[in-house]
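Student: Okay, handing you the structure first.
The values are calculated or read from the model by the stated rules, or taken from the named source; none is laboratory data. The shown structure was predicted, so the numbers you read here are calculated from the model rather than taken from an experiment. Using ideal geometry, Cβ is built from the backbone for each residue, glycine included, and neighbour counts are taken over all protein chains shown.
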Amino acid sequence: MENDEKVMSGEESLRIISDMITRTKVNISQGSFHLLFWGWLIFVCSLTEYFLMRFTDISSPWYVWFLVIPGVFVSLIYGFVKGQRAIVHTYADKLYMWTWMGFMFSAIVLFIIVWKHMESIAPFILMLAAIPTFVSGFIIKFKPLITGGITFWFFALIAHFGGQDISPLAVPAAMLTGYLIPGYMLKKKIGHGTI
């Protein structure tokens with residue numbers, strides 16, 4: 001009888017330890033959705049703008065970026081619904097979420113500041129996007145996302161110094177290396193339960 005009590009308390013201890021570990025992990029199931037959603041949306045917008053600039057006489061090809069506005073609402077609604085379903089909200093979850101919210105607020109302010117010079121915004125957005133991508137990689141301990149953040153800084157320089165032929169391709173290239181490849185890798189890891 002006494003031995004059974006020791007086994008039960010041992011099992012209880014393991015459960016408590018397991019719960020504590022779970023509470024410190026980030027709920028990253030949303031992470032791959034947002035990386036893939038934004039990666040594809042921005043990839044398509046940036047390539048569409050590039051093709052409109054190169055092969056049409058449309059005076060404001062950057063209007064395609066207005067697709068980002070409904071994208072923000074889709075992303076916020078998805079995050080809200082998933083957040084409501086989560087059983088545990090950890091400190092790391094909140095840090096992850098507010099890191100990206102900080103990026104969103106900064107991007108909105110940047111758009112307001114450079115409204116009349118939208119053609120020169122790409123290097124600044126890439127530079128800003130590098131920060132939450134890089135930091136998120138450390139929060140969830142996922143090296144491809146850290147590397148993705150670093151590539152954003154690299155492509156910000158290309159967007160600024162690359163010239164008229166190369167600069168417009170920096171954004172879609174950054175989406176591939178910074179969001180899409182890490183996003184698919186993260187989705188695969190989540191599916192295999194290895195993260």
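Student: Consider segment 158-172. How many of its residues are buried (at least 19 other Cβ atoms within 10 Å of the Cβ) and in contact with a Ser or Thr (Cβ under 8 Å, 6 or more places away or on another chain)?
Tutor: 5
Student: Can you pull out every residue in segment 60-102 that is in contact with a helix residue (DSSP H, G or I) (Cβ under 8 Å, 6 or more places away or on another chain) and closer than 19 Å to CYS45 by Cα?
Tutor: PRO61, TRP62, VAL64, TRP65, LEU67, VAL68, GLY71, VAL72, VAL74, SER75
Student: At least 3 residues that are at pLDDT 95 or above and of a type in the set (A, V, I, L, M, F, W, C) in each: list the helices (runs of 4 or more DSSP H) lying fully within segment 138-195 that qualify.
Tutor: Because the criterion is at least 3 residues that are at pLDDT 95 or above and of a type in the set (A, V, I, L, M, F, W, C), the helices (runs of 4 or more DSSP H) in segment 138-195 that meet it are 143-161, 170-175.
Student: For segment 141-157, which residues satisfy the criterion of being of a type in the set (A, V, I, L, M), crowded, with 20+ Cβ neighbours inside 10 Å and more than 12 Å from the chain's Cα centre (by Cα)?
Tutor: Within segment 141-157, just ALA156 meets the criteria.
Student: Filter segment 120-137 for residues that are part of a helix (DSSP H, G or I) and more than 27 Å from ILE190 (Cα to Cα) and give the result.
Tutor: Correct list: SER120, ALA122, PRO123, PHE124, ILE125, MET127.
Student: Inspect all residues belonging to segment 99-119 and state whether any of them is in contact with a Cys (Cβ under 7 Å, 6 or more places away or on another chain), closer than 17 Å to LEU169 by Cβ and modelled with pLDDT under 90.
Tutor: No, the conditions are met nowhere in segment 99-119.
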